[in-house]
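Quick notes on the structure that follows.
The values are calculated or read from the model by the stated rules, or taken from the named source; none is laboratory data. As the structure is a computational prediction, the values presented were derived from the model and not from experiment. No Cβ is skipped: glycine too gets one built from the backbone with ideal geometry, and neighbour counts run over all protein chains shown. What goes into the accessible areas is simple: the full protein's heavy atoms, side chains included, and nothing from ligands, DNA or RNA. Shrake-Rupley method; radii C 1.70, N 1.55, O 1.52, S 1.80 Å.
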Amino acid sequence: NVKSIYGTASDGLEIFHNGTDSLISDTGTGDLYIRGNDNIYIQDSNTERFITCNSNASIDLFFNDSEKLRTTNAGISVTGNGAFSGNVSLLDAQFLTAGNSNDLILGHEAGGNSIIRNFTGDFFIDQSAGTQSIVFRTSNNSALDTTALIISRNGDLTTGRDVTIAGDL
């Protein structure tokens, strides 16, 4: 319970052990900076990495000494799965891409159009709920209030209105 105090107890930096935990505490005004000449590492006593701050490069986050997230000059790189408890948002003209050559894109163009586009192979829409249909809806106003097309589980097609065929049937 002995504190090393730099500055005053009410306006300084404290380093101490409270009998249970070791603490570095900024008790005053201003921000707390941790600086190093090169890289900065936060790790446990067995050198298992938690955070690595690489000078003029990436910041890396680890789980069980395995890198999971890295900052890059273009954004971030994630290793493993991601789970989000809120929405994932993209700005206009930004796209989610899949495949080594961005074979599938999902996004919203700057002009207002939304896109799902496949560049290679067949494009599958699978309904795995055995008793359910695939339903395409559209809107007359502001809600998805019009069923345009239903594909039932046995392959029957039902349209919400008249069918116009422009070509051979």
Condition set at pLDDT 90 or above and farther than 21 Å from Leu69 by Cα, scope the stretch 95-107, selection most open to solvent (accessible area, probe 1.4 Å): answer is Leu106
Taking Arg137 as the residue in question, decide whether it is open to solvent by 90 Å² or more (accessible area, probe 1.4 Å), among the charged types (D, E, K, R) and within 24 Å of the chain's Cα centre (by Cα).
-> no
Can you find a residue in the stretch 66-77 that is more than 17 Å from the chain's Cα centre (by Cα) and in a strand (DSSP E or B)?
-> yes
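Restricting attention to strands (runs of 3 or more DSSP E) lying wholly within the stretch 1-45, give those where 3 or more residues are out of contact with any helix residue (DSSP H, G or I) (no Cβ under 9 Å at 6 or more places or on another chain) and among the hydroxyl-bearing types (Ser, Thr, Tyr). So that I can check it myself, show each step before the final result.
Working: elements: 3-8, 11-17, 22-26, 40-43.
Here the list reads 3-8.
One line per residue, one yes/no per condition, for (1) touching a residue at least 24 places away in the same chain (Cβ under 8 Å); (2) open to solvent by less than 70 Å² (accessible area, probe 1.4 Å); (3) among the hydrophobic types (A, V, I, L, M, F, W, C):
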site: Val2; (1), (2), (3): no, no, yes
site: Gly7; (1), (2), (3): no, yes, no
site: Gly12; (1), (2), (3): no, yes, no
site: Gly19; (1), (2), (3): no, yes, no
site: Ile42; (1), (2), (3): no, no, yes
site: Asn46; (1), (2), (3): no, no, no
site: Asn56; (1), (2), (3): no, no, no
site: Phe63; (1), (2), (3): no, no, yes
site: Thr71; (1), (2), (3): no, yes, no
